[in-house]
Amino acid sequence: QTLLLLSALLMFLFLSNIQCTREIDTNSLIRIHVLASSNSDTDQQLKLKVKDDVIRYLQPALKQSDSLTESRRIILSSLPQIEQTALQTLQQNGCEDTITLQYGHFDFPVKYYGSFSLPAGNYEALRILIGEGKGRNWWCVLFPPLCFTDSNVSSSGKYTDQTPDTHVQFKLKSVEWL
C-alpha cells in the first residue's frame with residue numbers, strides 16, 4: 001500500500017511538472033499597429049475609426065493571400081491608398097491631424113487572442129501614427145488575418161481559422177529550474 005501511494009505521488013509530481021507551450025514563429029506574421037494622437041476620448045475614438053477603415057480596405061486583398069511575401073507585397077503596394085483611407089477618415093470626422101505610415105520591424109508586448117497569445121518580441125508590422133502618435137495604441141495581425149472575422153472587421157482581435165506557424169514543446173518545469 002505504501003508503494004502504491006508513493007507511486008501515485010511520484011506520478012502526480014511528474015505530471016504537474018509537464019508544461020506544454022506553443023512557440024509562435026514571429027517571422028511568420030505581419031502585424032498592424034495604430035497609435036492615436038493622444039489619450040483624449042476623441043482621439044481614441046478616431047484611432048478605432050481609422051483602424052476599422054484601414055482593415056476594411058485591406059481585408060479583401062489579404063484574405064486572398066496565402067503567403068507572408070504576398071501579404072507584404074499587397075501592403076507595401078497599398079501604402080498610398082492606406083494613407084488616403086486614414087486621412088479621409090480623419091477629415092470625415094473633422095480632424096486635421098496628419099497620418100504617418102511606417103513599415104518595418106517593431107517591438108510589441110504580449111497580446112492575447114482567445115485561446116492563444118503572441119509573445120512579446122520584434123515583429124514585422126505596418127504602423128499608423130495619427131498626429132503625434134503619443135496616445136494609446138491598438139494592434140492586431142494582418143497576416144495571417146487574425147483581426148478579421150467572416151465579413152466583419154473585428155475590434156476585439158477575434159481571429160479566423162488561420163493561425164501563425166507554431167511549434168509545440170513539452171517541458172519539465174523542474175528541469176528548467178536546474
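The values are calculated or read from the model by the stated rules, or taken from the named source; none is laboratory data. Because the structure is a prediction, the values reported are computed rather than measured. Here Cβ is always computed from backbone atoms with ideal geometry, including for glycine, and neighbour counts include all displayed protein chains. All accessible areas refer to the heavy atoms of the entire protein, side chains included, with ligands and DNA or RNA removed. Shrake-Rupley method; radii C 1.70, N 1.55, O 1.52, S 1.80 Å.
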Exercise. Out of (1) assigned to a strand (DSSP E or B); (2) closer than 19 Å to Leu146 by Cα; (3) among the hydrophobic types (A, V, I, L, M, F, W, C); (4) open to solvent by 40 Å² or more (accessible area, probe 1.4 Å), what's the single condition that is false for Ile128?
Worked result: (4)
Problem set entry | Boolean, Gly94 is of a type in the set (Gly, Ala, Ser), more than 21 Å from Tyr123 (Cα to Cα), loosely packed, with under 13 Cβ neighbours inside 10 Å and modelled with pLDDT of 95 or more | yes
For this session: Out of the residues in the stretch 58-78 that are in contact with a helix residue (DSSP H, G or I) (Cβ under 6 Å, 6 or more places away or on another chain) and free of Cβ contacts under 8 Å to residues at least 40 places away in the same chain, state the one that is farthest from Ile99 (Cα to Cα).
Result: Ala61
Seminar exercise, completed: If you go through Tyr123, Tyr112, the only one that is among the hydroxyl-bearing types (Ser, Thr, Tyr) and open to solvent by less than 50 Å² (accessible area, probe 1.4 Å) is Tyr123
For this session: Being more than 12 Å from Leu129 (Cβ to Cβ) and touching a residue at least 60 places away in the same chain (Cβ under 8 Å) is the filter here, so list the residues in the stretch 44-57 that pass it.
Result: Gln44, Leu46, Leu48, Lys51, Asp52, Val54, Ile55, Arg56
Seminar exercise, completed: The number of residues in the stretch 60-81 that are open to solvent by less than 20 Å² (accessible area, probe 1.4 Å) and over 19 Å from Gly104 (Cβ atoms) is 1
Exercise. Can you pull out the residues in the stretch 39-51 that are open to solvent by less than 40 Å² (accessible area, probe 1.4 Å) and more than 16 Å from Val141 (Cβ to Cβ)?
Worked result: Asp43, Gln44, Leu46, Lys47, Val50
Problem set entry | Given (1) modelled with pLDDT of 90 or more; (2) in contact with a Ser or Thr (Cβ under 8 Å, 6 or more places away or on another chain), index of the condition Lys111 fails | (1)
